[in-house]
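Accompanying notes for the structure given below.
A short reminder: the numbers here are calculations on the coordinates, not readings from a lab. Values in this document were obtained by computation on a predicted structure and should not be read as measured data. Cβ placement follows ideal geometry from the backbone for every residue including glycine, while neighbour counts extend to all protein chains displayed.
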Amino acid sequence: MSYLSRVPQTDRVLMGPGPSNPYPEVMAAFLRPMLGHLDPEFLAILDETSDRLRAVFQTQNRLTFPISGTGSAGMEAALANTVDEGAPVVVGVNGMFGERMSEIARRLGGNVIQVAAPWGEPLDPDEVLRAHPSPSVIAVVHAETSTGVRNDVEAIARGKGDALVVADTVTSLAGIPVAIDDWDIDVSYSGTQKCLGVPPGLSPITVSDRARSRFVADRSTWYLDLSLISGYVEQRAGRAYHHTAPISMVFALHAGLGVILEEGLEASWRRHEECGRQLQAGLEELGLALVAPAACRLPQLTTVHVPRSLPAGVSEADVRRTLLERYGIEIGAGVGPMAGTVWRIGCMGHTARPRNVELLLGALREVIGG
């Protein structure tokens with residue numbers, strides 16, 4: 001019996017809703033020699049990573065850094081520091097991750113007021129803003145990963161009144177415009193594995209001074225208490241020890257952000273847009289119907305209805321399995337009410353290349369016909 005781990009294949013083209021293929025520069029960053037998490041050289045890289053995150057978030061927020069955990073850790077940190085027990089919290093729900101925000105806010109003791117839209121359709125900003133006369137927090141997903149729909153976070157933030165706006169930008173950051181300061185968003189968190197082109201493991205977060213001044217007094221978390229973490233991550237003398245940072249992941253994020261900023265943020269948005277439109281046009285040419293309305297359709301994550309006319313004896317799961325095993329292409333299944341009826345196809349980060357789109361469309365044509 002061998003006790004060695006199976007070596008995973010490295011020639012996959014990841015086009016699902018989860019991790020995208022990492023940038024080559026990111027993979028090289030993992031080979032950097034290990035440093036201690038309080039080593040001055042590492043702290044300098046952490047500071048520079050935070051500066052690069054400010055550029056990509058388009059913010060001047062002092063408290064901007066990568067949380068040691070995936071996007072759900074960022075979600076919980078954003079809410080655990082802003083949702084007080086009994087306080088009214090308006091949450092927009094038109095997919096899985098809006099539902100998750102609601103559940104976290106409920107567990108924190110917030111008085112959750114859901115504003116729902118059908119899965120596959122955008123939230124109505126006016127309905128969100130009318131849901132409560134004086135909410136403490138308004139939480140909304142910018143790019144809903146479960147449906148491929150973009151919600152108008154900017155309009156919600158501009159009409160927020162005294163509320164704090166918490167925006168999930170896990171699937172949008174670096175893929176479509178995100179302008180934290182211009183849109184007046186108070187807290188936003190993201191994930192490394194989508195358009196940033198870095199493996200999963202960190203959750204970039206940015207917090208305005210306004211939100212910091214209103215952090216709840218009695219937080220239910222220690223690890224995700226942002227007032228504690230700020231003493232470790234902010235650029236100042238005498239850093240306080242909080243936790244051992246994942247050194248190699250920070251190296252990787254530093255590299256991935258460098259690739260994006262070298263390309264140019266607007267160029268990154270444009271590349272995602274062009275590849276997304278190429279993919280969506282190709283899918284329609286194959287006779288497949290797209291789920292999200294054109295006006296709110298994400299370029300980096302496309303949801304498409306599974307065709308009813310699959311070859312005899314072939315299920316939608318068979319199609320995904322064949323794409324993976326024969327062509328090395330991974331696409332995602334539908335979730336929630338869309339399970340079994342929708343495919344979710346990612347075109348994010350380094351994966352957002354015309355050649356990958358052409359490869360997928362050609363493989364899909366061979367598998368389903370068309």
**Request:** Would you mind pulling out the separation of the Cα centroids of region 280-329 and region 123-153, in Å?
**Result:** 27
**Asked** Which loop chymotrypsin sites (Phe, Trp or Tyr not before Pro) in region 14-106, with loop taken from DSSP, have no more than 15 other Cβ atoms within 10 angstrom of their Cβ?
**Response** F30
**Prompt:** So what is the calculated 222 nm ellipticity per residue for the chain, using -39500 (n - 2.57) for each DSSP H run with n of 4 or more, over all residues, to the nearest 500 deg cm²/dmol?
**Reply:** -11500 deg cm²/dmol
**Message:** Relative contact order of region 1-95, please, whole-number percent, based on alpha carbon pairs below 8 angstrom and at least 6 residues apart.
**Reply:** 10
**Message:** Looking at the calculated P(r) for region 26-94, what percent of the C-alpha pair distances fall above 16 Å?
**Reply:** 67
**Message:** Give me the three principal axis extents of the chain from the C-alpha atoms, as integers in angstrom, largest value leading.
**Reply:** 63, 53, 45
**Request:** Loop only per DSSP, at most 15 neighbouring Cβ atoms within 10 Å: give me the trypsin sites (Lys or Arg not before Pro) in region 265-351, ordered by residue number.
**Result:** R308
**Item:** Residue list for region 68-84, given a label point 7 angstrom along the Cα-to-Cβ vector of R210 and an amide N cut-off under 15 Å
**Value:** none
**Message:** Using a Gaussian network model on the chain with a 10 Å cutoff between Cα atoms, which of A29, A217, A174 fluctuates the most?
**Reply:** A217
**Message:** Ignoring GluC sites (Glu not before Pro) that are buried or in helix or strand per DSSP, and keeping those with at most 15 other beta carbon atoms within 10 Å, what is the longest stretch of the chain between them?
**Reply:** 86-233
**Message:** Taking just the alpha-carbon atoms of region 231-279, what radius of gyration and Dmax come out, in angstrom?
**Reply:** 16.7, 51
**Fill in**
Log10 I(q)/I(0) at q = 0.10, 0.13, 0.20 Å⁻¹ for region 217-370, from Debye over equal alpha-carbon scatterers, is -0.54, -0.76, -1.19
**Item:** Value of relative contact order over the chain, rounded to a whole percent, pairs C-alpha under 8 Å and six or more apart
**Value:** 24
